[in-house]
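The values are calculated or read from the model by the stated rules, or taken from the named source; none is laboratory data. The model shown is predicted, which means the values in this text are computed figures rather than measured ones. Neighbour counts run over all protein chains shown; Cβ positions are idealised from the backbone, glycine included.
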Amino acid sequence: MDVIAATHNKNKVREFREILGPMGYNVISAEEAGYFEEPEENGETFMDNSLIKARAIYAACRKAAIADDSGLVIDALGGEPGVYSARYGGLEKNEDRVRLVLEKMEGVPDPKRTARFRCAVAFVSENGEEVTAEGGVEGLITLAPQGENGFGYDPIFYSPELGKTFAQASADEKNAISHRGRALRSLSQELRARSDK
């Protein structure tokens, strides 16, 4: 089944393809579908923003669409950056946002550096039916960036399950436990259950 990914983030499109491809989905990027808009993500939750994006691309293209909204939730920062992860501090570059997090976490002891990635996924079928799912993964914020893979906050997110940061992990290792991987697998199970009815 063809599904349009409601994102202009090439890294996210790649992850969608890596995770959904083996499940039988042919993920088409927004650009490939001729969609270049950037709907305003003004929701209060990850799910709100995910639905805003999926509904917008479905309305424009009238084809199955998928969107996610995800972010880093840090306990010591009262849940920041949260839904503002992609625009934290009004900063454009990933490395600048990573630096801001590390500055705000300066002096926070290891046991209190707990954090999690959260992901909400919204799927709109060709007939307009909406299906949603969520996923999360627990971790710790490192003292400095580690690793060259991944994107966003991956270099400072240490996964006890992997024994390394997401940026030190291979794509397969990360996708097996990541918030996005878990949300997409949960979504796929829900879609399969509905198609079996």
Failed item in (1) outside any helix (DSSP H, G or I); (2) at pLDDT below 90; (3) surrounded by 14 or more Cβ atoms within 10 Å (Cβ to Cβ), with Glu38 passing the rest
(3)
Collect the residues in region 97-113 that are surrounded by 15 or more Cβ atoms within 10 Å (Cβ to Cβ), basic (Lys, Arg) and without any contact (Cβ under 8 Å) to a residue 40 or more places away in the chain, keeping them in residue-number order.
Arg99, Lys104, Arg113
Tell me which strands (runs of 3 or more DSSP E) are completely within region 76-188 and hold 2 or more residues being at pLDDT 95 or above and within 25 Å of Gly21 (Cα to Cα), or say none if there are none.
114-124, 130-141
Among (1) at pLDDT below 95; (2) in contact with a strand residue (DSSP E or B) (Cβ under 6 Å, 6 or more places away or on another chain); (3) among the aliphatic types (A, V, I, L, M), which single condition is Ala54 missing?
(1)
Return only the number of the condition from (1) in contact (Cβ under 8 Å) with a residue 24 or more places away in the chain; (2) surrounded by fewer than 16 Cβ atoms within 10 Å (Cβ to Cβ); (3) under 19 Å from the mean Cα position of the chain (by Cα) that Asp69 does not satisfy.
(2)
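Let's see how each residue does on (1) under 27 Å from Glu31 (Cα atoms); (2) exposed (fewer than 15 other Cβ atoms within 10 Å of the Cβ); (3) among the aromatic types (Phe, Trp, Tyr):
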site	(1), (2), (3)
Ala115	no, no, no
Val131	yes, no, no
Val137	no, no, no
Glu161	no, yes, no
